[in-house]
Amino acid sequence: MSKGGSGRDWGYASYDMDNPDSDNLIYTSYEKSKSVNQYPENDDGGHGHYHWNDKNDHDLGRDSNSGRSESNSSGNPTTGEVQNNGGCYLTSACMQHFAQQFNDKCYELQLLRWFRDNFVSEEDIAHYYETAPLIVNEIDLLPNSNEIYDKIYYHVIAVCVKAIEKSEYAVAYQRYKESILQLEEAYVRPALEQRLIRALQPHNA
């Protein structure tokens, strides 16, 4: 399976919460085929590899369909390779907020996924996964990216989680949709406009 590129839907890196004394990362890649690949770092500089045929099995904590814990001869995927072409700003915000305590199965992300699967329209989900990587790419280029992710955590994730806990699903949905539009306006549109300006500038012969 590829560690990066066109086959990826989105991905992220997280610390191994089963080994709190370790600095090793686990790279998780959600593929467009609806499967999941996971690459846990090993202490020898290599990585293992686990594969779930169905992302739902992974999200529900079921055993992988295939995998190995030992390292092979190929190098580790980098965070950029895993997240390239598929960053999720909600996951990125949780990664920043929880730092080394981050776990992809943290309460906030699990609750947001439940909400997504039960209340968010397919059109809005598709729009999110199309736009979120662009937002992440632009935020990651900024020197204050950590500060921006902190704001996303408190003004989007925390607000949505609180509303969902109170069964205020319309409030959570509205905040979720507003966040996409606001972040697009703040980060994606200016970047696209700058690229268009550069493309239209005359080149000297």
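The values are calculated or read from the model by the stated rules, or taken from the named source; none is laboratory data. These numbers come from a predicted model, not from an experiment. All Cβ positions, glycine included, derive from the backbone under ideal geometry; neighbour counts span all protein chains shown. We work out accessible area using only protein heavy atoms, side chains counted, and drop any ligands, DNA or RNA first. Shrake-Rupley method; radii C 1.70, N 1.55, O 1.52, S 1.80 Å.
Out of the residues in region 20-39 that are in a loop (DSSP other than H, G, I, E, B) and open to solvent by less than 80 Å² (accessible area, probe 1.4 Å), which is farthest from Thr91 (Cα to Cα)?
Restricting to residues being in a loop (DSSP other than H, G, I, E, B) and open to solvent by less than 80 Å² (accessible area, probe 1.4 Å), the top hit is Ser22.
Give me the pairs: first residue in region 158-174 and within 17 Å of Gln110 (Cβ to Cβ), second residue among the aromatic types (Phe, Trp, Tyr), beta-carbon distance under 6 Å, and six or more apart or on different chains, which are they?
Filtered contacts from region 158-174: Cys160/Tyr176; Ile164/Phe115; Tyr169/Phe119.
So which residues in region 156-205 are modelled with pLDDT of 90 or more and among the hydroxyl-bearing types (Ser, Thr, Tyr)?
Ser167, Tyr169, Tyr173, Tyr176, Ser179
Here's a check for you: in region 99-111, which residue that is without any contact (Cβ under 8 Å) to a residue 24 or more places away in the chain and open to solvent by less than 50 Å² (accessible area, probe 1.4 Å) is nearest to Tyr169 (Cα to Cα)?
Among those that are without any contact (Cβ under 8 Å) to a residue 24 or more places away in the chain and open to solvent by less than 50 Å² (accessible area, probe 1.4 Å), it is Leu109.
Please pick out the residue among Tyr173, Tyr187 that is open to solvent by 20 Å² or more (accessible area, probe 1.4 Å), out of contact with any Phe, Trp or Tyr (no Cβ under 9 Å at 6 or more places or on another chain) and among the aromatic types (Phe, Trp, Tyr).
It is Tyr187.
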